[in-house]
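Down below is the structure, laid out as structure tokens.
The values are calculated or read from the model by the stated rules, or taken from the named source; none is laboratory data. What you are looking at is a predicted structure, and each value in this text was computed from that prediction instead of being measured. Using ideal geometry, Cβ is built from the backbone for each residue, glycine included, and neighbour counts are taken over all protein chains shown.
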Amino acid sequence: MFHVDSEVGRLRQVILHRPDLELKRLTPDNAASLLFDDVLWVAEAQAEHDAFAAALRDHGVRVHYYGELFAQTLEISEARAYVLDHVFDPRLHGPLAVEALRGAMDGLTAAELAQFLIGGITKREILELGPEPKSIAFHSLDPDGFVLAPLPNLLYQRDTSSWIYGGVSVNAMRRRARMRETVSDEAMYRWHPMFAPGGFEIWLHGADAEPATIEGGDILVLGGGAVLVGMSERTQPQAIEMLAHRLFSASAADRVVAIDMPKTRAFMHLDTGRGNSRSPTTRRRTCIPRSRPRSGAAASGC
């Protein structure tokens, strides 16, 4: 049912995220910590997104919206428990606040919960849902401080989950601002009715791969059993080896070529750095063959 064997082949289905509350909560003060250089004009971003989605549909592409898939996932009790258990962490929110915060959010409908998990929720909004947690960490927040920060980078859907041949890699993200995206995707691919029946591989299981991180903007499916992966500031060689091992074990690929990239924001990912042919985007490459060649023999296809 799901298979990607080319970056340029016919597109049949796609997951998009329509910008909404999470971009409205992007400000000059928090933009940098949320990995944005500036705030965006949300209404214009939504209009451009809608035009893009309409163009895809006009070409016969089935468009799935991330927010809808996530809300449908949260209708399932096991998925909801998994997400809330992983989102509210005593190391981040304080051990005295976690139970109360989790309880307040668990009382929301699936659609409301998805909106706040994507768009963020403030201390003031938490207090509208229930009693104040008896926690130093919670009490120290400003009224409009975020208990959960917004996730504006959900615009970049290919980073958190990457379809490679007959399976998906749920990726461990490099920056804290994006780590919650991995939890949501893990739940969606495990419990959403569209994915729960299986029929595809899961190459990497998100946070299980930490601290080795990999992001989908560095992964290009070349076809013919080959995959190109950029070693950028976001993607580590250890994660590339783990991905290659899984692909080779399932005979899904026979070559993984790793490209060493400058570790700077300007060359954030392979799919952004490759756009400027005059820039020194790569320094060297390493090919991981499916099997180690005999001594003195060349690695086939590398």
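Worth a mention:
- The set of residues in segment 125-153 that are charged (D, E, K, R) and under 28 Å from the mean Cα position of the chain (by Cα) comprises GLU125, ASP144.
- Some residue of segment 184-194 being more than 20 Å from GLU22 (Cα to Cα) and at pLDDT below 95: no
- So ALA45, is it in contact (Cβ under 8 Å) with a residue 12 or more places away in the chain and outside the structural domain of MET188 (by TED's automatic domain parsing): yes
Results for (1) under 29 Å from LEU92 (Cα atoms); (2) of a type in the set (A, V, I, L, M), shown as yes or no for each residue.
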| site | (1), (2) |
| --- | --- |
| ASP185 | yes, no |
| PRO193 | no, no |
| GLY206 | yes, no |
| ALA212 | yes, yes |
| GLY223 | no, no |
| ALA226 | no, yes |
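- Contacts under 7 angstrom Cβ, first residue in segment 78-91 being touching a residue at least 60 places away in the same chain (Cβ under 8 Å), partner among the hydrophobic types (A, V, I, L, M, F, W, C) and outside any helix (DSSP H, G or I), 6 or more apart: VAL87/LEU148
- Pairs meeting the criteria (first residue in segment 3-14 and in contact (Cβ under 8 Å) with a residue 12 or more places away in the chain and farther than 13 Å from PHE200 by Cβ, second residue in a loop (DSSP other than H, G, I, E, B) and hydrophobic (A, V, I, L, M, F, W, C), beta carbons under 6 Å, at least 6 apart or on different chains) are LEU11/VAL61; VAL14/VAL61.
- Residue match in segment 15-35 (condition: exposed (fewer than 13 other Cβ atoms within 10 Å of the Cβ) and either outside the structural domain of LYS134 (by TED's automatic domain parsing) or basic (Lys, Arg) (or both)): no
- From the options ARG294, ARG283, ARG246, residue that is at pLDDT below 65 and assigned by TED's automatic domain parsing to the domain that holds ILE202: ARG283
- Look at (1) buried (at least 18 other Cβ atoms within 10 Å of the Cβ); (2) under 13 Å from ILE164 (Cβ atoms); (3) over 16 Å from the mean Cα position of the chain (by Cα) and you find that GLY223 fails only one, number (1).
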